[in-house]
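Asks: Handing you a structure now.
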Protein chains: 2
Amino acid sequence: MATRRIQRTEESRRLLVTAAAELFAEKGYRQTSFIDIAEKAGISRGSIPWHFGNKLGLLEAVLDDRLHAVLTALAPPAGERPSSPLDQITDFIRQPVTRLFITLLAEAVEVDSPIREHYARLHAALRQAVQARIPAEALPAETTPEAFTVLLVGTVIGVHAQWRIAPEAVNLEAVQATIRTLLPASLEQA
Amino acid sequence: MATRRIQRTEESRRLLVTAAAELFAEKGYRQTSFIDIAEKAGISRGSIPWHFGNKLGLLEAVLDDRLHAVLTALAPPAGERPSSPLDQITDFIRQPVTRLFITLLAEAVEVDSPIREHYARLHAALRQAVQARIPAEALPAETTPEAFTVLLVGTVIGVHAQWRIAPEAVNLEAVQATIRTLLPASLEQA
C-alpha cells in the first residue's frame, strides 16, 4: 500500500511539473495560476503547496526538470560515439524547451524580479553543460572557453527567438550550416 | 501661435514615446498602463489616445522610434569612413534598446498575442538593416546572407539576454573578441 501511495504521489508531482512547464512557456510565470495548473494536470489545486511549498518552489522544480532534459540530450548515449557537439547544441534552436527560457527571461530581467536568481542559475547550468562538451583545445587561441560558450548559448537563444516569432523568415537548416562553416572544424570531430 | 502649438504637440508625443519605451522595457507591454506612462511623461493621460489611438498604436510608435535609433547607429556618419560593421552590430549587445526587444519578445510569442505581428516587423527590419551592412562577397561561399544575418542578430539578442541576467558571468569584451576571431576577416574591412 505504501508503495502505491508513493507511486501516486510521484505521478502527481510529475503531472504538475509538466503542466506548469507548458503553461509557463505559453503564458509566462506571473500569468499562470495554481487553478490553471491544477486543471491542466487534472489534479486538485490543494496538492500544489503540499508538493512545492509555493509558486517559486514549483518554478524551481520546472527549471530542474527542463535542465535535466537538456543535460540528458547533451550526454552521449552509453556505449555510443556521440554526434558532433555542435549539432547537439544547435539542435536546441528547434526544441520547445527553449521557448520556456524565452518566456521566463522577460520576467527575470524585470526590476526586483522574484525569479531572476532562479533563472540566472539556469543560464549558468546551461553554459556549464555546453562548456563540458566543448574541448578547450579545439578552440582558436584568441578565444576563451567561457566567452565561446556564452556565444554558442546566446546564438541558440537568439536564433530560436527569431524563428518562434516568424518561422517563415528563418531557415534553420541554413543557419545551422552557417554555424558549422564559421566554427572551427576541430569542434566537429571533438 | 500655430507653430508653438505644433511644437508643444510634438514635444508631448516625444515625451510619451520615451516614457512608454522605458516602461515597456522595464515591466512589459501588458503590465504598463496609460496612467503609468502619463505619470512618467508628466503629461495628461487623456492625450495618449489623441496621439496614438490605442495602446497598440503607442507600441507601434515606440518600435518605430527604437528602430530609427538602431538604423541611425548603423548608418555611417556623413563623410566619415564607418567603423567595422561587425563592431557596430555587436555593440548592440550592450545597448539598453536591446532590452526592450527581450521584454516584448515573451509577450509576442504568446498564443494569439496582439503584438506578435508588430514585433515580427521589428525583427525583419533589424535583419534588413544588418544585411545592408554586410557585403555578400565577404561571406564564405557555404553561407547565405539571410542565414548569416539571422545568426548575427540572434547572437546579439542571446548574448545580451545572458548579460542582463548575470552581468558578472558574461565578459562582453571577450565575447566580442571571440566573434571577431570566428567571423571572416573580410568583414572587418568591409
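The values are calculated or read from the model by the stated rules, or taken from the named source; none is laboratory data. All figures in this text were calculated on a predicted structure; none of them were measured in a lab. Positions of Cβ are generated from backbone atoms using ideal geometry, with glycine treated the same way; all protein chains shown enter the neighbour counts.
Asks: Take region B:32-61 and flag every residue that is surrounded by fewer than 20 Cβ atoms within 10 Å (Cβ to Cβ) and under 20 Å from the mean Cα position of the chain (by Cα).
Replies: Listed by number, the residues that qualify are B:K55, B:L56, B:G57, B:E60, B:A61.
Asks: In region A:1-99, which helices (runs of 4 or more DSSP H) lie fully inside it and hold 1 or more residues that are closer than 21 Å to A:A129 by Cβ and free of Cβ contacts under 8 Å to residues at least 24 places away in the same chain? First the steps, then the outcome.
Replies: Numbers: elements: A:2-27, A:34-41, A:47-52, A:55-74, A:85-90.
Once the helices (runs of 4 or more DSSP H) in region A:1-99 are filtered for at least 1 residues that are closer than 21 Å to A:A129 by Cβ and free of Cβ contacts under 8 Å to residues at least 24 places away in the same chain, what remains is A:55-74.
Asks: Kindly provide the set of residues from region B:108-133 that are away from chain A (no Cβ under 11 Å), small (G, A, S) and either in contact with a His (Cβ under 7 Å, 6 or more places away or on another chain) or surrounded by 17 or more Cβ atoms within 10 Å (Cβ to Cβ) (or both), ordered by number.
Replies: Result: B:A129, single match.
Asks: With the structure loaded, tell me whether A:A21 is surrounded by fewer than 20 Cβ atoms within 10 Å (Cβ to Cβ) and either at pLDDT 85 or above or over 21 Å from B:E110 (Cα atoms) (or both) or whether it fails that test.
Replies: It is false that A:A21 is surrounded by fewer than 20 Cβ atoms within 10 Å (Cβ to Cβ) and either at pLDDT 85 or above or over 21 Å from B:E110 (Cα atoms) (or both).
Asks: Also, quick follow-up: Just give me the residues in region B:133-151 being farther than 18 Å from A:L151 by Cβ, part of a helix (DSSP H, G or I) and at pLDDT 90 or above, in sequence order.
Replies: Listed by number, the residues that qualify are B:P145, B:E146.
Asks: Of the residues in region A:134-149, how many are aromatic (F, W, Y) and surrounded by fewer than 17 Cβ atoms within 10 Å (Cβ to Cβ)?
Replies: Looking only at that region, the number is 0.
Asks: Just checking, does region A:103-110 include any residue being in a loop (DSSP other than H, G, I, E, B) and of a type outside the set (A, V, I, L, M, F, W, C)?
Replies: Taking every residue of region A:103-110 in turn, at least one turns out to be in a loop (DSSP other than H, G, I, E, B) and of a type outside the set (A, V, I, L, M, F, W, C).
Asks: Look at region A:150-190 and say how many of its residues are more than 7 Å from chain B (Cβ to nearest Cβ), hydrophobic (A, V, I, L, M, F, W, C) and buried (at least 17 other Cβ atoms within 10 Å of the Cβ).
Replies: Taking region A:150-190 first, the residues more than 7 Å from chain B (Cβ to nearest Cβ) are A:152, A:160, A:163, A:167-168, A:172-173, A:176, A:180, A:184-190.
Restricting the remaining residues to those that are hydrophobic (A, V, I, L, M, F, W, C) gives A:152, A:163, A:172, A:185, A:187, A:190.
From what is left, the residues that are buried (at least 17 other Cβ atoms within 10 Å of the Cβ) are A:152, A:163, A:172, A:187.
Within region A:150-190, residues that are more than 7 Å from chain B (Cβ to nearest Cβ), hydrophobic (A, V, I, L, M, F, W, C) and buried (at least 17 other Cβ atoms within 10 Å of the Cβ) number 4.
Asks: Suppose the filter is at pLDDT below 85, within 11 Å of the chain's Cα centre (by Cα) and surrounded by 15 or more Cβ atoms within 10 Å (Cβ to Cβ); does B:Q88 pass it?
Replies: no
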